[in-house]
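Computed from the coordinates by the stated procedures, all read-outs in this text should not be read as laboratory data. Nothing here was measured: the structure is a model prediction, and the numbers come from that model. Cβ atoms come from the backbone with ideal geometry, glycine included; neighbour counts cover every protein chain shown.
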Amino acid sequence: MGNYQLKGKDLKHINYKSDRAKSLAIDIMQQKFKHLSKPEKLKLLEDVLLNPKEFLNHTAFSKLAEEFIGRTKIETGTAYKLNAVEKSFKTYGSQLITPETIEQMMVAMQLPISISGALMPDAHVGYGLPIGGVLGIENSVMPYGIGLDIGCRMSLSIYDVPAEFVKRNSYQIKTSLKENTHFGIGKTFKQTEDHEVLDRSEFHETALLKQLHGKAKIQLGSSGTGNHFVEMGIVEISKNNRLNLPTGNYIGILAHSGSRGLGAAIASHYTQIAMKKCLLPKKAQHLAWLELDSEAGQEYWLSMNLAGDYAKACHDVIHSKLAKSLGLKAIAKIENHHNFAWKEIHNGRELIVHRKGATPANNGQLGIIPANMIDPGYIVTGKGNPNSLFSASHGAGRKMSRKKAKESITGSELKKRLKQNGVTTIGGNVDEAPMTYKNIEEVMRSQKDLVNIEGKFYPQIVRMDK
């Protein structure tokens, strides 16, 4: 998708507001970065918006950075130092985790507000907290510790239909997936969906949420890019499972996506506020926080929870439309967030627990841990292990960057691997190839103290962004 010329509406989706900033951004991308894909261009431009000071001396972005800084009201923030020694944290599957990832978590544990933390076996380097990082802090919330995709989640609907249904109806399933799902930045449906989440009073509570209501409406039921997916596959339920389902095979629809442009705009807006109010050393600046009893902290908490409920609504719409088109009725549904913050009691103390790419795993709590395009994911219940802050991995976790994947994996190699495993894909590129992920079996062995296995999900037909 190189040489894709951005438009003003693309930039509006990442919270570019002024016409001058949009114009500068479009010119820079066309002149200097034609080779990048649309998502790559937008990610780069979002970085300039969030961190303009870092780009003041950049050969391409200096004017754009000056535009943002010149239009930003300068406020005096509070400077904080990192503690000389970080608090200890539990690491699961350390043999699967790079030193850079552990270093990123160590920085988070040096924050003066950090109380406890843990690193899951699928962990890898991210922005702010590492993906797979869990951090408990007091009376504060960290917008970029949750990330741009607030409320990103898994949802699995199980249907009491023989496993042969997938092969017998593969054409209808593929048609339904194409017609009832949309993927990618800015993607919307021609006909909007009705859902009670759009009538929530929170959309009238702040100027930002009022502005975002229209976007939320037209994106309801759509999915993001990258590793987001909707899959039809086989569900294998284990003996003595806590779902109270008979042992055996069923079919299921599994989805992975989040809060779309709504969550991204909320995250960008409040990350900027946090970074102005909370001045941290450069290596920790994305970990800036907002105190919950501050106006901005209260606004973010309200907005975050709304975005989480909106993400759930998107999943509800996806499952409902697919089930209706295929004549299916669910007998069970399992779902969980993995980019979110919760108020929880740990060791008698209320903490704000941030799970950046981590599954809540309190005692008996159901969750889903997927693998990749071809390998089975796991249906689990948590063991409530306090050492992990009641958390588990959110997937297999990347072992290879997208850039490296594009350089080292061919399309024919991916097709061969999919064919060998009997998996059909609609969309999906080499940067999401199974080879880019850690071995899910090793990940699960590394967290046997965190979850019980209740069943598996085997992908058969996979829908992703192209």
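Convex hull over the alpha-carbon atoms of the range 8-70: what's its volume per residue in Å³?
73 Å³
Any chance you could run the full-extension gain for ARG242 through GLU441? It's 0.36 nm times the residue separation minus the Cα-Cα distance, nm to one decimal.
Result for the pair: 69.5 nm of gain on full extension.
Hey, with R₀ at 22 Å, roughly what FRET efficiency would ASN139 and HIS204 work out to, going by the Cβ-Cβ distance, to 0.05?
Efficiency, rounded to the nearest 0.05: 0.25.
If eta is 0.692 mPa s and T is 37 °C, what Stokes-Einstein diffusion coefficient results for the range 1-112, Kirkwood Rh from Cα pairs, in µm²/s?
Diffusion coefficient, whole number: 196 µm²/s.
What's the Cα-based Rg to Rh of the chain, Rh via Kirkwood?
Dividing the radius of gyration by the Kirkwood radius yields 0.95.
Test of understanding: express the Cα radius of gyration of the range 148-276 as a ratio to 2.2 N^0.38 Å, with N the residue count.
This ratio for the range 148-276 stands at 1.31.
Going by average Cβ density within 10 Å per residue, which order do the peptides 405-413, 49-57 take, highest to lowest?
49-57, 405-413
Over 21 Å between Cα atoms: which of LYS239/LYS399; LYS7/LYS406; LYS167/LYS329; LYS9/LYS406; LYS12/LYS38 fall into that group?
Cα-Cα > 21 Å for LYS239/LYS399; LYS7/LYS406; LYS9/LYS406; rest within.
For ARG349, ARG153, ARG355, which order do you get if you count the other beta carbons within 10 Å of each Cβ and list the fewest first?
By the 10 Å Cβ count, ascending, the order reads ARG349, ARG153, ARG355.
Could you compute the FRET efficiency for SER170 and GLN298, with r as their C-beta to C-beta distance and R0 at 45 Å, rounded to 0.05?
0.35
For GLU54 and THR98 in one chain, what is 0.36 nm times their gap in residues minus the Cα-Cα distance, to one decimal in nm?
Going from the current span to full extension adds 13.2 nm.
What is the spread of the Cα atoms of the range 345-466 along each of their three principal axes, largest first, in whole Å?
Principal-axis extents of the range 345-466 (Cα, largest first): 54, 29, 23 Å.
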